[in-house]
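The values are calculated or read from the model by the stated rules, or taken from the named source; none is laboratory data. As the structure is a prediction and not an experimental result, all values here were calculated from the model. Counting neighbours? That spans all protein chains shown, and the Cβs are built from the backbone with ideal geometry, glycine included.
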Amino acid sequence: MKAKTNARQKREAETLRRREAFAPKKETPGTVPPPAPPEPVRFVPETFPDRTPEEDTLEFLAYLDRHGVPAEKQDPPVRAGKPAGASGGMPELDLEAGMPLVSEALGRMRTGIQEMRVSRVKAVKLIHGYGSTGRGGKICPAVRRELADMKRRKLIADYIPGEDFGPLDAASRNLAEQNRNVSRDPDYGRMNHGITVVAL
């Protein structure tokens, strides 16, 4: 009988201990409550009516830098060339930087063209290299096949191979009339096989 009473008292004591462990603790004067867990960081862009989509993109990239996204985890920069108007020419997309595979170069091209369109750029110069061997030689025809398909699907207005890009080409002249940076570009009229100009 005594053993049953001891067992019951132990169970009651254990139950009481558990209730006290999970019950909210009352604050006594002079004690500091524990800090609340930090809320997850979320990117909420500020709304400025006069800010361009390109400025929003730059703000987001700065946000990634501030919140510890390692550089090796970020995609390589799409615009490896000079920005618009740096030397009187068009903005550039360097597709051959780092000797990428053809699939990687095409991915850079699609992403870059989309970014340029958001930034309201009208013409962009793709640098893909040219050669009979090596990756530069493979990227050039692949890029132009992809551009032909994008033109057919009306994702771009037109594209001009670098060897045709100049004052003797009607498409180049029309593009130069719409955008004065086109005729100021250093490759205008130089028959450069390693570039292609895309009209957006």
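Looking at (1) farther than 14 Å from ALA199 by Cβ; (2) touching a helix residue (DSSP H, G or I) at 6+ places or on another chain (Cβ under 6 Å); (3) at pLDDT 90 or above, find the lone condition where PHE165 falls short.
Going through the list (1) farther than 14 Å from ALA199 by Cβ; (2) touching a helix residue (DSSP H, G or I) at 6+ places or on another chain (Cβ under 6 Å); (3) at pLDDT 90 or above, PHE165 breaks only (1).
Do you know which residues across the range 82-92 are buried (at least 17 other Cβ atoms within 10 Å of the Cβ) and modelled with pLDDT under 85?
Selection gives ALA84, GLY89.
Go through the residues of the range 128-135 one by one and say whether even a single one is in contact (Cβ under 8 Å) with a residue 12 or more places away in the chain and within 21 Å of the chain's Cα centre (by Cα). Give the steps one after another, and end with the answer.
So the first thing to find is which residues in the range 128-135 are in contact (Cβ under 8 Å) with a residue 12 or more places away in the chain, and the list is 128-130, 135.
If we keep only those that are within 21 Å of the chain's Cα centre (by Cα) too, we end up with 128.
Looking through the range 128-135, at least one residue is in contact (Cβ under 8 Å) with a residue 12 or more places away in the chain and within 21 Å of the chain's Cα centre (by Cα).
In the set LEU95, LEU101, which member is of a type outside the set (Ser, Thr, Tyr), under 17 Å from VAL143 (Cα atoms), at pLDDT below 90 and crowded, with 18+ Cβ neighbours inside 10 Å? If you could, list the steps in order and put the result at the bottom.
On the way: LEU101 fails: crowded, with 18+ Cβ neighbours inside 10 Å.
Just one listed residue meets the conditions, LEU95.
Go through (1) among the hydrophobic types (A, V, I, L, M, F, W, C); (2) within 23 Å of the chain's Cα centre (by Cα); (3) buried (at least 18 other Cβ atoms within 10 Å of the Cβ); (4) not in a loop (DSSP other than H, G, I, E, B) one by one and return the number of the condition MET150 breaks.
Failed condition: (3).
Can you pull out every residue in the range 169-187 that is free of Cβ contacts under 8 Å to residues at least 60 places away in the same chain and either crowded, with 19+ Cβ neighbours inside 10 Å or under 19 Å from GLY89 (Cβ atoms) (or both)?
ASP169, ALA171, SER172, ARG173, ASN174, LEU175, ALA176, GLU177, GLN178, ARG180, SER183
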